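Reviewing the structure listed below.
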Amino acid sequence: MKLLTRLLKLLLITLFTGVFVGVAAVAAVYLYLAPGLPSIETLRDVKLQVPMRVYSADGEFIAEFGEQRRTPLRYDQLPERMIQAILAAEDDRFFDHPGVDWQGLTRAAVNLMQTGERTQGGSTITMQLARNFFLTRDRTYTRKLNEILLAFEIERSLDKEEILTLYLNKIFLGNRAYGVGAAAEVYYGRPLAELSTAQIAMIAGLPKAPSTANPIAAPRRATIRRNWILGRMYQLGYIDEAEYEAALGEIDNARYHTQSIELAAPWVAEMVRQEVVERFGEERAYTEGFRVHTTLHAEQQRAATAALRTGLLDYDRRRGYLGPEQRIPAPANPDDFTAWAELIAPVRMVGGLQPAVVVRVGERQADVVIRHHDTVTTLDWAAMEWARPRLPNNRLGAPPQRAADILAVGDLIRVQPTGEAGWRLAQIPEASGALVALDPENGAITALVGGFDFTESPFNRAVQAQRQPGSSFKPFIFSAALEQGYTAASIVNDAPIVYDDPSLGNAWRPGNYTGRFYGPTRLREAMAQSRNLATIRLMRDIGVPTTVDWLRRFDFSREAIPPNLSLALGTGVITPLELTRGYAVFANGGLLIDPHVISRIEDAYGERLYQHEPVIACPPCLADRLGIESRLLPQAPRAISPQNAYQITAILEEVIRSGTGRSARRLGRNDLAGKTGTSNNFHDAWFSGYNGDLVATAWIGHDQPRSLGQGEAGGRAALPIWIDFMQTALEGRPENRPTMPPGLVSVRIDARTGLLAGPGSAQTLFEVFPEERVPRQTAPAWEGDGPSVTEQLF
């Protein structure tokens, strides 16, 4: 009995000592490791890395910037099957243990003793969360101890729902997808709530080996893992037998999905990216889930892209064919069209032009294999007859007579879709261009295209290309003249002129586009027919300093307004956006608006971080629409008087009615005003035009300035682009002409002299005048055989 008592006492002492030593060891480990553990409080304020997304004004997706794809979800947004699947896969006792599952750790320890290898970790979801947020993935005992301690701390600080939500939003699941919300979109192209049980089980299996065992990289391994998880869900009673069997039999259709670009506006996306980074810094811009809403109108942006591409391709066809991009050696079997298709598979589409290879050439047709097309396509003669050889110095070779004059087997070419499954021979244009449109009331950019194809050249010609505007700058010169007492009916002589101006180098002998001289000309007619010599004389009369001072009202850069007479012909340099802003002053009645492309920026939860507050050209107009007081809206600064702006608009309407822009009459509208522009030696072709709702500029030129070719003036090369765009942009919108402001009157005048119409006036018209500048003299009767009054005057 005494022996038994002594043994019991020894056992108790040993047990107590063991417990004491164990507790002391745990305490020692904790005291040793605790100072190096991160604060769990950071989990409460954790900010998941979410990319920046850019949208149009009407909500269409434009672009995404950021390395990690993530779609954060709240706990109540997580499908029940997702929670069940992840528990079945990773931690089915998650809601029962205190952060560490001793059964799992024991199982891992037994496995270690049996195999000598650390192949099972026994980590709970809480421990994985600790590792993902705070620790490395190194398999060491120290890291495991830190993991355990952090898991206890996490469980003390957060409830189970918060832990599971963080885990499911944080975990890496392969292919740039972080979190189950992003994984659903990456692998299946749908929101998590719309996935089947089998697809959810597939996602739940990804944390184990997201890069090497996902359904894209290793579909067989991923399916085995999925089926195991489905079995666990069935065993745990999460799903019944029928659902289990149906899920097992489901064929997985995972593939890589990017968020589909709904609206192509890459130059605008880059403008947005730069502005957001400048405003918030790179780290915040790419990781805090900013949702940037732009001012773009989706329909106008699509129309701008299509119009510019069509205009550039039309121009390029007029300049002739450059030949194939390269010659591709034939495959072993030239009749194996699949082999041909594989040879051009790496060649990407450019500006809507698909790569194709010629596989057979007939007398007046050719068979081609187009990338990603299963069948051979025939190009008929109408699709290629335009392709005269392009020769040096903008010359054209002889017209082709047969297909072999143009194409040969193995030619890598481009083809352009023409509608109704038709194709036409094309080529990537050497020239480039830009189109920009904005609202003249508030400066909101509604469409912007900076070139033919962004991936070929991200250079944004709409805002970065400094080019000579040519005659499209004349309205600003005329505006200065009106301020100095001229009227639209004033007579200026369009006659030869020679200047010895030191600032212009040698003697300057400007001329008209036609090479002719037209004598005394009314200002309206001089603008409509783009008379250079009349404009130079006009500027000479009002003076270079006076003109330059006036142009500063439009906020043009110094480069745009050289202080010499060549300014009359637009020899300064300006960007399409700057020119469009200048024309907006005429469109809105004389006020200077600020172009902008971002309307507001929100965080990932919809909280507004930034709201652009533009200056408004007509606060009362907008206030009436919004139902607020106009004094709450910032007024745009006045650049010129309403009377000056109205007279310029009236003159520019003549450009479209009877002048160099008359092709725009096919739009069937009476509220359009604008001006063509062509720089020296046809280096640049422009058209800027507007109504009360929209201002737009189209430009074509080479990035390294050189001639577009004889005859490629603004009215031929740029105006068709503007027309195509405005056709869509103004469709269904009522006409919007300005109302004549006080102080102006409309008077009938004699078309030849600009004086008041008399009984003998053969041709008359109504002209707009300031009240104090209405002609006092009546035109004398016109004698058809003798010289006109204006000819007598000059």
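Restricting the first residue to the stretch 321-345 and requiring it to be more than 13 Å from residue 409 (Cβ to Cβ) and free of Cβ contacts under 8 Å to residues at least 40 places away in the same chain, which pairs with a second residue that is among the hydrophobic types (A, V, I, L, M, F, W, C) and open to solvent by 70 Å² or more (accessible area, probe 1.4 Å) meet a Cβ separation below 9 Å and a spacing of at least six or different chains?
Here the result reads 339/332, each pair linking the stretch 321-345 to a residue that is among the hydrophobic types (A, V, I, L, M, F, W, C) and open to solvent by 70 Å² or more (accessible area, probe 1.4 Å).
Tell me which residues, restricted to the stretch 335-389, are open to solvent by less than 40 Å² (accessible area, probe 1.4 Å), under 14 Å from residue 403 (Cβ atoms) and in contact with an Asp or Glu (Cβ under 6 Å, 6 or more places away or on another chain).
358, 359
With the structure loaded, tell me whether residue 430 is open to solvent by 60 Å² or more (accessible area, probe 1.4 Å), under 30 Å from residue 582 (Cα atoms) and in a loop (DSSP other than H, G, I, E, B) or whether it fails that test.
Spelling it out, residue 430 is indeed open to solvent by 60 Å² or more (accessible area, probe 1.4 Å), under 30 Å from residue 582 (Cα atoms) and in a loop (DSSP other than H, G, I, E, B).
Quick check on the stretch 227-254: of everything there that is among the aliphatic types (A, V, I, L, M) and farther than 21 Å from residue 95 by Cα, which residue is most open to solvent (accessible area, probe 1.4 Å)? It would help to see each step written out before you state the result.
Initial filter on the stretch 227-254 (among the aliphatic types (A, V, I, L, M)): 229-230, 233, 236, 239, 242, 246-248, 251, 254.
Then drop every residue that is not farther than 21 Å from residue 95 by Cα, which leaves 242, 246-248, 251, 254.
Values: 242: 74, 246: 66, 247: 5, 248: 54, 251: 147, 254: 22 Å².
Going through the qualifying residues, I end up with 251.
Yes/no matrix, rows are residues, columns are (1) touching a Ser or Thr at 6+ places or on another chain (Cβ under 8 Å); (2) without any contact (Cβ under 8 Å) to a residue 12 or more places away in the chain:
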{"position": "543", "(1), (2)": "no, yes"}
{"position": "548", "(1), (2)": "no, no"}
{"position": "557", "(1), (2)": "no, no"}
{"position": "580", "(1), (2)": "yes, no"}
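So which residues in the stretch 296-326 are part of a strand (DSSP E or B) and open to solvent by 50 Å² or more (accessible area, probe 1.4 Å), if there are any at all? Spell out how you get there, then give the answer.
Quick first cut of the stretch 296-326, residues part of a strand (DSSP E or B) only: 321, 326.
If the condition is that a residue be part of a strand (DSSP E or B) and open to solvent by 50 Å² or more (accessible area, probe 1.4 Å), then 326 is the only one that fits.
Take the residues in the stretch 433-449 that are in a loop (DSSP other than H, G, I, E, B) and open to solvent by 10 Å² or more (accessible area, probe 1.4 Å), then tell me which one is nearest to residue 263 (Cα to Cα). Before the answer, list the steps.
Keep residues of the stretch 433-449 that are in a loop (DSSP other than H, G, I, E, B), which gives 439-443.
Still in the running and open to solvent by 10 Å² or more (accessible area, probe 1.4 Å): 439, 441-442.
On the way: 439: 20, 441: 24, 442: 23 Å.
If we take residues in the stretch 433-449 being in a loop (DSSP other than H, G, I, E, B) and open to solvent by 10 Å² or more (accessible area, probe 1.4 Å), then 439 is nearest to residue 263 (Cα to Cα).
Inside the stretch 458-558, counting only helices (runs of 4 or more DSSP H) that do not spill past its ends, which hold 2 or more residues that are hydroxyl-bearing (Ser, Thr, Tyr)?
Values: elements: 461-464, 474-483, 523-528, 532-542, 544-551.
Correct list: 544-551.
Would you point out the residue of the stretch 177-192, among those that are in contact with a Leu (Cβ under 9 Å, 6 or more places away or on another chain) and open to solvent by 20 Å² or more (accessible area, probe 1.4 Å), that is modelled with the highest pLDDT? Show your work before the answer.
First pass over the stretch 177-192, keeping only residues in contact with a Leu (Cβ under 9 Å, 6 or more places away or on another chain): 177-188, 192.
If we keep only those that are open to solvent by 20 Å² or more (accessible area, probe 1.4 Å) too, we end up with 178, 185.
Numbers: 178: 88, 185: 91.
Of everything passing the filter in the stretch 177-192, 185 is modelled with the highest pLDDT.
Can you name the condition, by its number, that residue 360 falls short on among (1) out of contact with any Pro (no Cβ under 6 Å at 6 or more places or on another chain); (2) outside any strand (DSSP E or B)?
Going through the list (1) out of contact with any Pro (no Cβ under 6 Å at 6 or more places or on another chain); (2) outside any strand (DSSP E or B), residue 360 breaks only (2).
Out of curiosity, is residue 293 of a type outside the set (D, E, K, R), closer than 30 Å to residue 695 by Cβ and open to solvent by 60 Å² or more (accessible area, probe 1.4 Å)?
Working: of a type outside the set (D, E, K, R): yes; closer than 30 Å to residue 695 by Cβ: yes; open to solvent by 60 Å² or more (accessible area, probe 1.4 Å): no.
For residue 293, the condition - of a type outside the set (D, E, K, R), closer than 30 Å to residue 695 by Cβ and open to solvent by 60 Å² or more (accessible area, probe 1.4 Å) - is not met.
Of these, 198, 182, 213, 204, which one is closer than 16 Å to residue 253 by Cβ and among the hydrophobic types (A, V, I, L, M, F, W, C)? Steps first, please.
Numbers: 182 fails: closer than 16 Å to residue 253 by Cβ; 213 fails: closer than 16 Å to residue 253 by Cβ; 204 fails: closer than 16 Å to residue 253 by Cβ.
Residue meeting the stated conditions: 198.
Name the pairs whose Cβ atoms lie under 6 Å apart, with the first residue in the stretch 391-410 and without any contact (Cβ under 8 Å) to a residue 60 or more places away in the chain, the second outside any loop (DSSP other than H, G, I, E, B) and open to solvent by less than 60 Å² (accessible area, probe 1.4 Å), and 6 or more positions between them or separate chains?
Hits for this filter: 403/361; 403/366; 404/361.
Does residue 277 count as within 27 Å of residue 703 (Cα to Cα) and open to solvent by less than 80 Å² (accessible area, probe 1.4 Å)? Explain how you work it out, then say what you get.
Values: within 27 Å of residue 703 (Cα to Cα): no; open to solvent by less than 80 Å² (accessible area, probe 1.4 Å): yes.
Taking the combined requirement at face value, the residue does not satisfy it.
Restricting to the stretch 207-238, and then to whatever is outside any helix (DSSP H, G or I) and touching a residue at least 60 places away in the same chain (Cβ under 8 Å), can you tell me which residue is farthest from residue 195 (Cα to Cα)?
Going through the stretch 207-238, the residues outside any helix (DSSP H, G or I) turn out to be 209-218, 236-238.
Retained after the next criterion (residues that are touching a residue at least 60 places away in the same chain (Cβ under 8 Å)): 236, 238.
Details: 236: 21, 238: 16 Å.
Among those residues, the one meeting the criterion is 236.
How many residues are open to solvent by less than 10 Å² (accessible area, probe 1.4 Å), farther than 19 Å from residue 755 by Cβ and either of a type in the set (Lys, Arg) or in contact with a Gly (Cβ under 9 Å, 6 or more places away or on another chain) (or both) if we restrict to the stretch 512-535?
Adding up the residues that qualify gives 3.
Given the criteria assigned to a helix (DSSP H, G or I), crowded, with 24+ Cβ neighbours inside 10 Å and under 31 Å from the mean Cα position of the chain (by Cα), does residue 452 qualify? Quick ask: steps written out before the conclusion?
Numbers: assigned to a helix (DSSP H, G or I): no; crowded, with 24+ Cβ neighbours inside 10 Å: yes; under 31 Å from the mean Cα position of the chain (by Cα): yes.
Considered against the rule, which asks whether it is assigned to a helix (DSSP H, G or I), crowded, with 24+ Cβ neighbours inside 10 Å and under 31 Å from the mean Cα position of the chain (by Cα), residue 452 comes out as no.
The values are calculated or read from the model by the stated rules, or taken from the named source; none is laboratory data. Keep in mind the model is a prediction, meaning the values are calculated, not measured. Cβ: placed from backbone, ideal geometry, glycine included. Neighbour counts: every protein chain shown. Heads up: the accessible areas ignore ligands, DNA and RNA and are worked out on the full protein's heavy atoms, side chains in. Shrake-Rupley method; radii C 1.70, N 1.55, O 1.52, S 1.80 Å.
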